[in-house]
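None of the figures in this text is laboratory data; all of them are computed from the coordinates on show. Model, not experiment: these values are computed from the prediction. FYI the Cβ positions are ideal-geometry reconstructions off the backbone, even for glycines, and counts take in every protein chain you see.
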Amino acid sequence: MRSARISVAPFRGLEVTVRPGTSGAEVERLLRRHRGWIERRLERARQIEAQGLGLQRDGVMWLEGTAHPCREHGPALERRYRREARRLIGERVAAWAPALRVAPQRLAIRDTRSRWGSCSSRGSLSFSWRLVMAPAEVAEYVVVHELCHLHRADHSPAFWALVREALPEWKQPHAWLRRHGHELLAYTP
């Protein structure tokens, strides 16, 4: 079957994407043909989930890596996360910008799924609201990373030297994101 895609990811499970009009029988044949691969990937995903953070719990809001009791859920909880993200990330930007000798023009909080932060050529910064769920040092690293892009719009050795000068221990929060970032992205309020 052409234009079919099977993906298996921790905290997201099995996803099958097919062209409109694809019959159920065709999808079943596709799944049977790739059964071994799917089973191996699902087992690996379960292992990763077992080592996870446990973010998807009712009555809990995660701020800076810590669970807090919370009555909101669904859209109301997401709005609260966005408010907290604007406050906490805004505080970090305000604290680090002068130290890095930069002046960001705008700060936006979004529900991005492909990157934790971005910096435009005009000096606008954008961050995922999901960052406030991570430990404080992780959000701080992403803020510093994006502010350094106001000096260097690349990932050259000179850029990483700026990050290292500001945050000598940047590799730990970077590794945390690589290990747990998929959990933050899979979280639904």
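What to note about this one:
- Among the trypsin sites (Lys or Arg not before Pro) found in segment 80-189, those both in a DSSP coil and sparsely packed, with 11 or fewer other Cβ atoms within 10 Å of their Cβ, are ARG101, ARG113, ARG122.
- Between the Cα long axis of helix 35-50 and the first principal axis of the chain there is an angle of about 40°, rounded to the nearest 10.
- Neighbours of GLY90 by Cβ distance under 12 Å: Lys/Arg scored +1, Asp/Glu scored -1, total +4.
- Counted charge near VAL16, where neighbours are those whose Cβ lies closer than 11 Å (Asp, Glu -1; Lys, Arg +1): -2
- Interchain or long-range residues, amide H under 5 Å from ARG110's placed H: PHE127, SER128, TRP129
- Springs join every pair of Cα atoms under 10 Å in this Gaussian network model of the chain, and among GLN172, GLN56, GLN105 the largest mean-square fluctuation is at GLN105.
- Residue-wise HN-Hα coupling along segment 174-189, computed from phi with Karplus coefficients 6.51, -1.76, 1.60 (Hz; x: Gly, Pro): 4, 5, 4, 4, 5, 7, 10, x, 4, 5, 4, 5, 7, 5, 10, x
- Among GLY24, GLY59, GLY74, residue whose mean-square fluctuation peaks in a GNM of the chain (springs only between Cα atoms under 10 Å): GLY24
- Of LEU14, LEU77, LEU31, the one that fluctuates the most in a GNM where the chain has Cα springs shorter than 10 Å: LEU31
- Integer Hz, Karplus 6.51/-1.76/1.60 couplings in order for segment 159-166, x for Gly and Pro: 5, 5, 5, 4, 4, 4, 5, 6
- Where GluC sites (Glu not before Pro) fall in DSSP loop in segment 120-189, at most 10 other Cβ within 10 Å: GLU169
- Rounded to the nearest 10 degrees, the inclination of helix 24-33 to the longest alpha-carbon principal axis of the chain is 80 degrees.
- Comparing Cα centroids, segment 97-162 and segment 76-94 end up 15 angstrom apart.
- Listed values [x] 35, 21, 16; [y] 30, 18, 17; [z] 31, 18, 12, entry calculated as semi-axes √(5λ) of the Cα gyration tensor in Å: [x]
- Taking 0.36 nm per residue of separation and subtracting the Cα-Cα distance, full extension of the segment from TYR187 to ALA158 would add 7.0 nm.
- Fully extending the segment from SER124 to LEU77, taken as 0.36 nm per residue of separation minus the present Cα-Cα distance, adds 14.3 nm.
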